[in-house]
1. I'd like to know which of His345, Phe291, Pro320 lies farthest towards the positive end of the charge dipole of segment 224-404, counting +1 on Cβ of Lys and Arg and -1 on Cβ of Asp and Glu.
2. Using the Cα centre as the reference, give the magnitude of the dipole from point charges on the C-beta atoms of segment 224-404 (Lys, Arg: +1; Asp, Glu: -1; all else neutral), rounded to the nearest 20 debye.
3. Please give, to one decimal in nm, the separation of the simple spin-label points placed at Gln234 and Glu478, each 7 Å out from Cα toward the Cβ.
4. What FRET efficiency comes out for Asp306 versus Gln406 if R0 is 25 angstrom and r is the Cβ-Cβ distance? Round to the nearest 0.05.
5. How do 299-308, 442-451, 473-482 rank on mean C-beta neighbours within 10 Å, highest first?
6. Classify segment 273-325 as rounded, prolate or oblate, taking a ≥ b ≥ c as the square roots of the eigenvalues of its Cα gyration tensor: rounded when a/c is under 1.5, otherwise prolate if a/b is larger than b/c and oblate if not.
7. Which order do the peptides 260-267, 344-351, 309-316 come out in when sorted by mean C-beta neighbours inside 10 angstrom, highest first?
8. If R0 is 25 Å, what FRET efficiency do you get for Glu442 and Asn514 from their C-beta distance, rounded to 0.05?
Amino acid sequence: MSGDGSKKQFWKRNTAKVPGNIQHVYGAQHPPFDPLLHANLMKAGNKPPSATTPGKPKKATTFQEFESITSDAWDVGDDDDELLAMAAQNLNIEVVMETANKVIENHSKLRERRQQRMDKMTEPDEKDGQEAHEEEEEEPDEEDEREEGAETTTDLSFSSEALPLSGNRLVKSHSEAPVGSPKEVGVEQAVLHRQQSLPHRPAIPLVPRIVDQNTSGTPAMSEREASRLDKFSQVLAGPKTDLEELRKLSWSGIPRQVRPITWKLLTGYLPANAERRESTLQRKRQEYFGFIEQYYDSRNDEHHQDTYRQIHIDIPRTNPLIPLFQQASVQEIFERILFIWAIRHPASGYVQGINDLVTPFFVVYLFEYIEEEVENFNVSSLQEEVLRNIEADSFWCMSKLLDGIQDNYTFAQPGIQRKVKALEELVSRIDETVHCHMQQYEVEYLQFAFRWMNNLLMRELPLRCTIRLWDTYQAEPEGFSHFHLYVCAAFLVRWRKEILEEKDFQGLMILLQNLPTMHWGNEEVSVLLAEAYRLKFAFADAPNHYKR
């Protein structure tokens, strides 16, 4: 048996069968680990051998040109007010492109400033080499960039060139940029190696601090953040909250100070009428603890033993790097929430992965009562009533979320099967090169994207990024079900360069299940959401433009 064949057999042996003839990596948890291969990968320059008999790729169309109008905008810079005003209008394609290019330009400039700071920290020989490379390439002036489209090389951006206009059409997709020449790839690899070896950005907490921290590490609230907080406060201050206006504001991120109340409103847990909120909270919290008295003791019954045992096993695996979630009292809260939900939803019951969905709500509602950083916070210092409130609010909001995606967790998990198939179709159209590359090495989307759908990308992103992502999901219609598909597509294409560099099955699987997002923050998530919105606008809102 060839080496490549043995690797495929290894992965097949380490997948678990679930009803409906669907395979996924064991328990939607971390991938099976091959110690021998991992040891070889760690040796300098020793990569797994390339496949000698690649599979024949299927024919797939490319990402086609499109034209239409848009009704929304996004940004990661300092132009939020301007772009939100533009979003309220019926925009023509020139304005759409101006907006999109401004996103890319702001992000590129920010990255260039970081690169300059990083260069100052390099050792002399590395610095000299970089300066020599910069002298070889003449940088275009601003006028040339506006005419030709400014090319970016940031590993945070989705584009390799700005999108030029031709007859009111988008000429080229972000994801269709050609793969760089060997010389360019070599330079990029050298820069990437240097970036990984230098402490060029400050440590970022795994969960949000009091002020939502960006990748820049700025601890104080900026003028722009203060302005956004004021806008939220005005919308929330009235006797009846305008939920549409709240959604528009929330799409670009919610300030930490008003996130708890905003999430409760956007999930539908609290009414828009301010006078009814307190009575609703009291009633729903009492109802939840009535469920505990009614159902929780049945965890010891024989017909509930399997459910409770699986929950009990999975809880310690939930965010194991964050001490907060390893506290016994927090794990007991999670056990109660998950068990009660499973008993009240017998069509699906408890499925591995649902445990992850409690954590963002728990953290956000914990911030309603504390000012400290949450990672190492000792919840025993809180009053019992406060913990009860956090538990009940987390249960109801998680239930609201799961109501919209419950077919992900029913028998044979048909929702996930449909979404993985839709993801494959979408990627085949937006980036045929990536799609065919995975086909060539026989990587099935189900082998990595099952977890993306089952856990809503929570295993792929730090918790702080998940919370920022959920701001937009709750503001977007069908955010957790429909929009998530486009986020997954944008996320996959984001790694096109790394994917195309892998030349065998197991290398691709290791990459796709261990993507390097540990240092991601608000900026990277904002760019991801912008690209996902662009894809949704192109496909969901204009499906007839993309007939095969």
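1. His345
2. Taking the Cα centre of segment 224-404 as origin, the dipole is about 680 debye.
3. That separation, rounded to one decimal, is 3.3 nm.
4. 0.80
5. Top of the packing list down: 442-451, 473-482, 299-308.
6. oblate
7. Ranking the peptides 260-267, 344-351, 309-316 by packing returns 260-267, 309-316, 344-351.
8. For Glu442 and Asn514, the calculated efficiency is 0.80.
The values are calculated or read from the model by the stated rules, or taken from the named source; none is laboratory data. Values in this document were obtained by computation on a predicted structure and should not be read as measured data. Reconstructed Cβ throughout: ideal geometry from the backbone, glycine too, with neighbour counts over all protein chains shown. Please note that ligands, DNA and RNA were not included when accessible areas were found on the heavy atoms of the full protein model with its side chains. Shrake-Rupley method; radii C 1.70, N 1.55, O 1.52, S 1.80 Å.
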